[in-house]
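Comments concern the structure below.
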Amino acid sequence: MRVLIVGNAAEREPGRRFYSVERKLANGFTRNGHNVWFFSDRDVARAGTLLRSSRAGRGVANARFLDAVRNFEPQAIVLSHASLITTETLAEAKRASSRPRVAQVCVDPLFRKINVEFLSDRARVVDASFITTAGHALKRFSTENNVSAFIPNPVDPSIEDLRNHQCSDLDVDVFFAANAGGDRQDDARRATPRLFAATPGLVCAFHGFDGASGVYGAAYFHRLARARMGLNINSDRSETALAPAPAEELYLYSSDRIGQLVGCGLLTLSYRVNKLMELFDEDKEMIFVDSAAAMRDAALALKRDDARRRRVAEAGHAKAHRAFNERVVARFIEEALFRKTFSQGYAWPTTLW
């Protein structure tokens with residue numbers, strides 16, 4: 001079938017985000033035998049105005065999107081955020097001659113109000129919502145005409161092509177990159193790396209907070225290639241909340257960094273609060289802890305026992321590439337979107353809320 005992927009191709013900074021989820025999904029659908037066209041709403045909007053402003057070019061992007069639907073006649077439209085395309089435009093697209101099914105994909109947390117509002121608005125017209133949070137929290141996005149479901153962050157072997165688990169001569173012990181410059185000082189993405197950086201005996205490479213610049217594109221993978229271990233730390237609270245987010249809004253949530261870390265063979269350490277041990281076997285495929293101090297202690301122990309570090313990292317790498325690759329995730333989206341009987345047993349909760 002023909003699949004229209006709608007997302008941000010980031011042509012303003014070409015190649016900077018070649019590992020984005022929408023790129024992986026486009027690869028997955030293509031490798032599953034579908035004809036895929038990628039429509040970049042932000043780039044079309046910027047190109048459509050003299051000011052090169054995505055906001056000013058929103059109308060252009062919506063009109064061009066409808067042109068793409070008419071010209072390509074997709075059977076499926078898969079939007080990864082694509083915030084410039086309005087809900088009303090999506091409703092019009094569904095009336096096109098090909099009568100496409102429409103899915104929205106969200107890899108952002110549900111404890112951020114803006115994400116919930118955006119998903120809820122789109123839920124009025126889409127046929128399915130796919131979110132990297134699982135469980136009962138998804139029910140709010142379901143109606144009698146659509147479903148909501150969990151998807152894991154996909155791993156793509158053409159993107160996550162490092163094999164750090166095979167290496168013993170790496171010069172960085174612990175890697176972490178985030179975009180946490182504007183977050184609270186007690187956000188885990190700041191507090192935990194600070195503890196690591198203050199620990200003698202650990203060589204750390206941290207990016208994206210406390211004055212350290214972010215790292216993107218091929219440079220990001222060059223940094224990954226030097227590291228034994230990676231921290232899968234996610235924010236656990238809204239912009240203003242003083243207390244952590246409700247447990248149901250953390251269930252199985254992770255940013256897409258988990259796919260980049262595990263998929264490249266880094267031994268990955270994560271907090272138990274997100275229950276990711278339901279996807280990766282604890283102590284066999286990934287290390288789970290309850291506190292920053294416990295995570296630091298685990299990293300120190302694994303530095304001393306490099307054979308174990310490589311063994312666990314290898315198992316996690318194999319699991320990610322086998323069970324959560326871009327083809328498997330794209331196949332699940334297709335089957336759930338068209339309400340097909342699942343063709344395989346998936347390694348994650350498959351409830352269609």
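The values are calculated or read from the model by the stated rules, or taken from the named source; none is laboratory data. Quick caveat, the model's predicted, so the values are computed rather than measured. We place every Cβ from the backbone using ideal geometry, glycine too, and count neighbours over all the protein chains shown.
Restricting attention to the stretch 254-295, which residues are among the charged types (D, E, K, R), under 18 Å from residue 131 (Cα atoms) and out of contact with any Gly (no Cβ under 8 Å at 6 or more places or on another chain)? If the condition is that a residue be among the charged types (D, E, K, R), under 18 Å from residue 131 (Cα atoms) and out of contact with any Gly (no Cβ under 8 Å at 6 or more places or on another chain), then 256, 275, 278 are the ones that fit. For the stretch 132-172, residues that are surrounded by fewer than 22 Cβ atoms within 10 Å (Cβ to Cβ) and out of contact with any helix residue (DSSP H, G or I) (no Cβ under 9 Å at 6 or more places or on another chain) total 7. Quick one: in the stretch 109-123, of everything that is free of Cβ contacts under 8 Å to residues at least 60 places away in the same chain and charged (D, E, K, R), which residue is nearest to residue 2 (Cα to Cα)? Only one residue fits best here, namely 122.
For (1) touching a strand residue (DSSP E or B) at 6+ places or on another chain (Cβ under 6 Å); (2) β-branched (Val, Ile, Thr); (3) without any contact (Cβ under 8 Å) to a residue 24 or more places away in the chain, each residue gets a yes or a no:
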residue	(1), (2), (3)
35	yes, no, no
42	no, no, no
56	no, no, yes
68	yes, no, no
95	no, no, yes
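Based on what the data block shows, is residue 64 over 29 Å from residue 328 (Cα atoms) and either more than 23 Å from the chain's Cα centre (by Cα) or in contact (Cβ under 8 Å) with a residue 12 or more places away in the chain (or both)? Taking the combined requirement at face value, the residue satisfies it.
Say whether the condition of being among the β-branched types (Val, Ile, Thr), at pLDDT 95 or above and under 24 Å from residue 206 (Cα atoms) is met by at least one residue in the stretch 314-329. Taking every residue of the stretch 314-329 in turn, none turns out to be among the β-branched types (Val, Ile, Thr), at pLDDT 95 or above and under 24 Å from residue 206 (Cα atoms).
Residues that are of a type in the set (Asp, Glu) and either at pLDDT below 90 or in contact with a His (Cβ under 6 Å, 6 or more places away or on another chain) (or both) within the stretch 140-198 comprise 144, 183, 186, 187, listed in sequence order. Please work out if residue 299 is crowded, with 17+ Cβ neighbours inside 10 Å, under 17 Å from the mean Cα position of the chain (by Cα) and either assigned to a loop (DSSP other than H, G, I, E, B) or small (Gly, Ala, Ser) (or both). Spelling it out, it is not the case that residue 299 is crowded, with 17+ Cβ neighbours inside 10 Å, under 17 Å from the mean Cα position of the chain (by Cα) and either assigned to a loop (DSSP other than H, G, I, E, B) or small (Gly, Ala, Ser) (or both). Among the residues of the stretch 333-348, the ones that are in a loop (DSSP other than H, G, I, E, B), surrounded by 15 or more Cβ atoms within 10 Å (Cβ to Cβ) and in contact (Cβ under 8 Å) with a residue 40 or more places away in the chain come to 2 in all.
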